[in-house]
């Protein structure tokens with residue numbers, strides 16, 4: 001039996017920005033929240049102890065990757081992903097759909113689902129709405145995402161309309177598909193609004209999903225290569241059609257200023273590989289923007305990455321040492337920048353929540369945006 | 001001015017095995033001790049916090065590597081290696097000589113020192129006994145090693161005799177060379193006994209060095225490719241000629257059973273890359289021998305790496321998860337095995353010290369050796 005153990009409580013709102021609490025089988029999640037990405041069951045370069053230490057409430061794991069390796073059965077035998085990965089707070093798993101379209105060799109896409117060859121050993125597999133939920137039940141995540149079709153960007157209206165039709169069809173199949181998690185604990189289900197840059201398709205998709213009724217709603221098909229303005233429009237076209245008493249999750253976002261802008265547009269949940277991925281290129285987030293610590297200007301810079309930052313890296317090491325580690329390909333270098341970046345996002349979200357609580361979010365948004373320099377071309381290239 | 005701040009106290013001995021205390025400018029080191037290797041100013045894959053957490057008393061750093069990158073001046077400007085690397089316990093630095101002979105492109109070797117091109121950018125540099133001490137003073141390590149000539153293995157007696165002559169010559173130059181550490185704190189100086197497999201050369205080298213008088217004595221030219229039996233003979237030929245009231249250090253050793261055997265032969269200090277290097281190949285140390293965690297037999301093995309082990313990896317994760325991380329090239333995999341292996345060595349040394357304290361070392365040695373399976377061919381190949 002599939003049952004819901006969690007509820008979303010809207011604690012306070014200021015304009016469209018919202019302060020909330022989401023109950024899950026592995027604890028309460030205060031929103032707005034940023035979820036570090038643990039693609040293969042590990043947030044790259046950091047340990048669960050370190051995630052816990054920076055106040056991480058929930059992480060994301062990728063169903064497709066875990067399904068391919070080590071395989072669902074291993075994780076199920078281990079007692080679920082929490083036990084396997086040594087993480088006892090909340091986990092959201094995606095449906096696997098996005099990776100099937102972006103990473104695997106897609107063979108055939110029908111109304112049943114996707115036939116593909118995985119990217120590791122090329123084995124032929126099928127993933128549809130039921131399979132995606134079955135795998136997520138075996139993983140025992142706290143939040144399962146529905147299988148959807150994410151159209152590429154750009155795509156013509158007909159292509160996007162077809163993706164919306166299939167997303168709604170698969171949502172109704174999912175709605176009627178019962179699962180039992182490996183842990184016996186409850187699992188929330190979030191549906192995904194597609195519709196690309198077409199406001200009427202976003203509205204139709206949102207309305208159809210809301211009518212079926214799910215525990216939360218994600219906005220998908222964003223951060224797939226579109227200009228930032230398009231991203232904001234896609235969210236603005238979806239959000240008014242989502243219920244106030246359910247969490248909203250913008251998938252795959254984003255840069256800190258984008259997260260702030262999305263909170264201003266009523267979004268509660270975020271995930272993004274940027275803090276961990278950029279860290280491995282030596283790029284650190286600060287209130288003023290990005291620093292590439294491999295730059296020669298940091299060779300004899302004995303200041304911390306960011307003054308006043310309470311993270312382990314900034315409390316104990318200087319830019320010159322971290323630069324040395326990065327240049328010398330020492331693992332500790334990546335670790336320290338990753339810790340700093342994840343701490344930066346955690347602090348950003350704590351700041352956002354505190355601001356909303358005090359009806360001060362619009363000022364927070366203004367001052368954050370004024371100070372944070374969005375990435376210039378050079379940084380984009382390092383991604 | 002170069003002055004000695006540390007002394008060695010021989011607390012207890014059982015046969016040749018010794019329990020001691022070595023005072024350094026960054027704390028007391030209980031011996032026998034194993035020093036994790038932080039070649040480039042970082043013990044690979046672990047943080048100072050983690051080293052501290054497992055009771056690490058002293059680490060080794062490589063003068064040659066730090067001299068080449070980031071360069072002595074940067075570390076001196078940072079206030080020394082302790083501050084640069086965020087490590088506030090003891091550090092021993094080697095002299096750089098071993099790497100000049102093994103890693104750099106050696107151009108010319110004279111009685112003055114070595115002219116070579118470094119392995120990073122090919123720059124031409126000179127390193128001699130004075131330069132090696134000057135660099136180590138700028139690094140501010142607690143124990144500096146004298147510049148020596150380490151002959152290859154095998155080498156004929158004439159070659160080895162020449163290396164001993166030069167090692168003694170350089171020791172006398174070193175003895176008369178004063179330095180001032182960047183921190184102003186005292187720095188101990190250890191001389192290195194060479195002599196290959198020739199007992200009379202070992203004796204002559206030891207006698208010559210002891211006559212000059214240093215704070216400690218290392219046995220060099222071991223673990224350079226010779227059979228294990230030769231290694232034991234080299235130590236047995238050197239040790240009787242070293243003073244009882246000074247620490248003895250066997251350089252670059254070794255496998256756990258070799259460490260135990262060396263303690264039985266009167267050695268106090270050890271360093272080796274094996275626990276960190278083998279970890280990065282997925283190989284874990286246990287009381288029964290080595291495990292290669294990438295082996296298929298651990299795919300669904302939900303036990304810890306070693307039952308009863310108190311390390312973070314064994315307390316929180318199973319073999320199947322660590323295997324998954326290693327196969328998926330996740331950094332956390334290397335981190336967990338490295339933590340376990342360094343913890344294994346730290347525990348081994350704690351066990352050795354406790355056994356000597358209780359006059360139980362000969363029993364400890366017997367039972368450890370009976371249980372620990374020395375590496376078979378398969379494991380040798382993974383190195």
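At a glance:
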{"quantity": "Residue ID - surrounded by the fewest Cβ atoms within 10 Å (Cβ to Cβ), chosen from residues in the range A:284-294 that are away from chain B (no Cβ under 14 Å) and closer than 20 Å to residue A:335 by Cβ", "calculated": "A:292"}
{"quantity": "Answer residue from the range A:45-69, given it is assigned to a loop (DSSP other than H, G, I, E, B) and buried (at least 23 other Cβ atoms within 10 Å of the Cβ) and is farthest from the other protein chains (Cβ to nearest Cβ) among those", "calculated": "A:56"}
{"quantity": "Among residues of the range A:205-222, those that are buried (at least 22 other Cβ atoms within 10 Å of the Cβ) and over 20 Å from residue A:187 (Cβ atoms), counted", "calculated": "5"}
{"quantity": "Only one of A:155, A:138, A:144 that is in a helix (DSSP H, G or I) and touching a residue at least 24 places away in the same chain (Cβ under 8 Å)", "calculated": "A:138"}
{"quantity": "Residue that is surrounded by the fewest Cβ atoms within 10 Å (Cβ to Cβ) [pool: residues in the range A:295-313 that are within 12 Å of another protein chain (Cβ to nearest Cβ) and farther than 19 Å from residue B:46 by Cβ]", "calculated": "A:296"}
{"quantity": "Test: residue in the range A:153-160 that is at pLDDT 95 or above, touching a helix residue (DSSP H, G or I) at 6+ places or on another chain (Cβ under 6 Å) and over 22 Å from residue A:246 (Cα atoms)", "calculated": "yes"}
{"quantity": "Residues of the range B:308-349 satisfying the condition of being assigned to a loop (DSSP other than H, G, I, E, B) and touching a strand residue (DSSP E or B) at 6+ places or on another chain (Cβ under 9 Å)", "calculated": "B:309"}
{"quantity": "Residue match in the range B:85-105 (condition: assigned to a helix (DSSP H, G or I) and within 13 Å of chain A (Cβ to nearest Cβ))", "calculated": "yes"}
{"quantity": "Condition met for residue A:37 (in contact (Cβ under 8 Å) with a residue 60 or more places away in the chain, under 30 Å from residue A:159 (Cα atoms) and within 14 Å of chain B (Cβ to nearest Cβ))", "calculated": "yes"}
{"quantity": "Some residue of the range B:177-185 being surrounded by fewer than 16 Cβ atoms within 10 Å (Cβ to Cβ), within 18 Å of residue B:207 (Cα to Cα), out of contact with any strand residue (DSSP E or B) (no Cβ under 7 Å at 6 or more places or on another chain) and at pLDDT 95 or above", "calculated": "no"}
{"quantity": "Test: residue in the range B:256-271 that is within 14 Å of chain A (Cβ to nearest Cβ) and either touching a residue at least 40 places away in the same chain (Cβ under 8 Å) or touching a strand residue (DSSP E or B) at 6+ places or on another chain (Cβ under 6 Å) (or both)", "calculated": "no"}
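This table checks each residue for (1) farther than 20 Å from residue B:333 by Cβ; (2) out of contact with any helix residue (DSSP H, G or I) (no Cβ under 8 Å at 6 or more places or on another chain).
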position	(1), (2)
A:75	no, no
A:110	yes, yes
A:118	yes, no
A:127	yes, no
A:132	yes, no
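The values are calculated or read from the model by the stated rules, or taken from the named source; none is laboratory data. Not measured: the values here are computed from a predicted model. Reconstructed Cβ throughout: ideal geometry from the backbone, glycine too, with neighbour counts over all protein chains shown.
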